[in-house]
Amino acid sequence: MARLVRVASISYNGEGGTVEQKRENGLRLLAEAAVYQPDIVCLPETFTTLGLPCEAYPTAAETVPGPTTDAAAELARKHSMYVICPIVQKTNAGLRNSAVVINRNGEILGAYHKMHPTIWEIESGVVPGTEPKTFETDFGRIGCAICFDLNHRDVIEGLASNGAEIVFFPSMYCGGLQLQIWAHDFSVFIVSAHSGGRSAIVDPLGRVLKWSSAYEQILCRQINLDGAVFHIDYNNAHWDAIRRKYGPAVEIDIATDEAKFRLVSHHPSITVSDIAAEFGLEPLSAYFNRAAQIRDKALSNS
């Protein structure tokens, strides 16, 4: 059953010399993104302090709620969209590099604290987070990873095990191939918001659906969350029958080189889980586990 979501991200380099100017310019782009009628929009990492040295974080940090999250919440409420608002947050535990998640009503759902700050961030007082946190929305479960987190698998492993379907990646570096690897290996969508202007939307087969550019600071794309990734082995025997029964209501998106496919339901009432059960499709993890068990048995008999 189609679960269509319009995801958006903003590429913004932190124009302006002060936190107030950076906030104003970033929120102006957030208001512009609302024209696309997205369900959710992500701003870049610590967008109100971009261009400032880490040493400025203690004085630039804000509480939540605070000036930036209040202004972002007003836009979220006005345009009925979720907003991921990354800031340097002042907490009782110290400074945090945070991604604050705001719902369509302008309410703060919570904040993800960057689990792997850089060395210079930590030396400037940023306290590492400890939890790969996910958030429930009205369209599905999301998670966040921030910049240097991309080099550490515990973040994506935790997000995936917590059921994240989309991972938002506000960052000061592009991420490039690493974004595609995470998306492919954990079968999630990834939406990045890069301060340098190279944001991306990546599908669960690890393919970039769209890059931002100098001509397109705001990325927006409709995605369908009712999908699942399967291995081609054995499952491909059912493709013709699925196509004959469901026609264009079901999409079989094949990644030949990786020997995988993503089954997507555009049907108004039948889910991918329904179709997989109907045709006996073997889930990806179940197939790999079965192969490992057969291998172990073969080794024990040798």
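Read the figures in this text as sums done on the coordinates, not as results from a lab. Owing to the predicted nature of the structure, the values given are computational and were not obtained by experimental measurement. For neighbour counting, all protein chains shown are included, and Cβ atoms are generated from backbone atoms with ideal geometry for every residue, glycine included.
General remarks:
- Greater than 27 Å apart at Cα, pairs in Lys210/Lys260; Lys133/Lys297; Lys22/Lys78; Lys114/Lys210; Lys90/Lys133: Lys133/Lys297
- Cβ-based net charge around Ala31, under 14 Å, with every Lys or Arg adding one and every Asp or Glu removing one: +1
- Residue (of Cys174, Val126, Tyr215) at the positive-pole extreme of the range 4-224, dipole from beta-carbon charges: Tyr215
- Qualifying trypsin sites (Lys or Arg not before Pro) in the range 162-216, DSSP loop, other Cβ atoms within 10 Å at most 11: none
- Net charge of neighbours whose Cβ lies under 11 Å from the Cβ of Val264, counting Lys and Arg as +1 and Asp and Glu as -1: -2
- Cβ-based net charge around Tyr12, under 13 Å, with every Lys or Arg adding one and every Asp or Glu removing one: -1
- Considering only alpha-carbon pairs that sit under 8 angstrom and 6 or more positions apart, the relative contact order computed for the chain is 17 percent.
- The peptide list 124-136, 147-159, 245-257, 32-44, put in order of mean Cβ contacts within 10 Å with the highest first, becomes 32-44, 147-159, 124-136, 245-257.
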